[in-house]
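Below you'll find the structure, written out as structure tokens, and then a few comments.
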């Protein structure tokens, strides 16, 4: 069993925490030919030119730890502290950390971020605000991650071939009130284009479809 990091944006994180997201799609880096890929006896994939492809995110049974935008809490001198305001030399696993996907900017707070009073990744606090700088997801270390996923299936398909049920498993819903459209797959298409651009959707690339379950308590 191997562990690898994977970047999720805020919407992906919230959908995963809410139990709505159990799939993610990532573009195959070197696109195969028109006929796509065939699985070799449960191992890697191969295209018609006999070029071998391996999913860079792992295989069934491997784990992914989610990288998301985050920050350590600090005192007035910007030194890392724990949730009891004790200094934590050099930061690290004992330092208090927060996640932007679970915080919000409320009207009248002058741009400060409200930290939830209660969450499964922190002790109870009362009306805490954050005014520091966020650390990009790419710079999140393993010890700071709060979400661990176990891969339950990996397959390859064209991006535009996503079904309504799979779009729901991506964390999208069907609703008349969403910008993307009435159906979940329409909302997925809109979300994809908002992240990667309309040209990526129109290109209809081959993608890795990674199905997972969340490992709680990790």
Quick check, is residue 178 closer than 23 Å to residue 66 by Cβ, in contact with a helix residue (DSSP H, G or I) (Cβ under 9 Å, 6 or more places away or on another chain), outside any strand (DSSP E or B) and modelled with pLDDT under 95?
-> no
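Looking only at segment 140-157, count every residue that is surrounded by fewer than 16 Cβ atoms within 10 Å (Cβ to Cβ) and in contact (Cβ under 8 Å) with a residue 40 or more places away in the chain and tell me the total. Walk me through it before giving the result.
In the first step, residues of segment 140-157 are kept if they are surrounded by fewer than 16 Cβ atoms within 10 Å (Cβ to Cβ); the result is 141-143, 152-153, 155.
With in contact (Cβ under 8 Å) with a residue 40 or more places away in the chain added as a condition, the list becomes 142-143, 152-153, 155.
Within segment 140-157, residues that are surrounded by fewer than 16 Cβ atoms within 10 Å (Cβ to Cβ) and in contact (Cβ under 8 Å) with a residue 40 or more places away in the chain number 5.
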Checking residue 195 against (1) modelled with pLDDT of 95 or more; (2) loosely packed, with under 14 Cβ neighbours inside 10 Å, the condition it does not meet = (1)
What pairs can you find where one residue is in segment 177-206 and more than 12 Å from residue 25 (Cα to Cα) and not assigned by TED's automatic domain parsing to the domain that holds residue 34, the other is at pLDDT below 90 and surrounded by 13 or more Cβ atoms within 10 Å (Cβ to Cβ), and their Cβ atoms are less than 6 Å apart, with a gap of 6+ or different chains?
-> none
Say whether the condition of being farther than 30 Å from residue 153 by Cβ, loosely packed, with under 13 Cβ neighbours inside 10 Å and at pLDDT below 95 is met by at least one residue in segment 93-101.
-> yes
Out of (1) touching a residue at least 24 places away in the same chain (Cβ under 8 Å); (2) in a strand (DSSP E or B); (3) outside the structural domain of residue 40 (by TED's automatic domain parsing), what's the single condition that is false for residue 132?
-> (2)
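Name the one entry in 39, 25 that is under 16 Å from residue 207 (Cα atoms) and more than 16 Å from the chain's Cα centre (by Cα).
Just one listed residue meets the conditions, 39.
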Could you pull out the residue among 194, 114 that is within 25 Å of residue 75 (Cβ to Cβ) and either touching a strand residue (DSSP E or B) at 6+ places or on another chain (Cβ under 7 Å) or assigned to a helix (DSSP H, G or I) (or both)?
-> 114
Is there a residue in segment 63-75 that is assigned by TED's automatic domain parsing to the domain that holds residue 189, in contact with a strand residue (DSSP E or B) (Cβ under 8 Å, 6 or more places away or on another chain) and exposed (fewer than 15 other Cβ atoms within 10 Å of the Cβ)?
-> no
Given (1) out of contact with any strand residue (DSSP E or B) (no Cβ under 7 Å at 6 or more places or on another chain); (2) in a loop (DSSP other than H, G, I, E, B), residue 57 misses just (1)
Based on what the data block shows, is residue 168 surrounded by 15 or more Cβ atoms within 10 Å (Cβ to Cβ), touching a strand residue (DSSP E or B) at 6+ places or on another chain (Cβ under 8 Å) and at negative phi?
-> no
Just a yes or no: is a residue in segment 65-74 in a helix (DSSP H, G or I) and at pLDDT 95 or above?
-> no
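The values are calculated or read from the model by the stated rules, or taken from the named source; none is laboratory data. Bear in mind the structure is a predicted one, so any value in this text is a computation, not a measurement. Note that we place each Cβ from the backbone using ideal geometry, even for glycine, and neighbour counts take in every protein chain shown.
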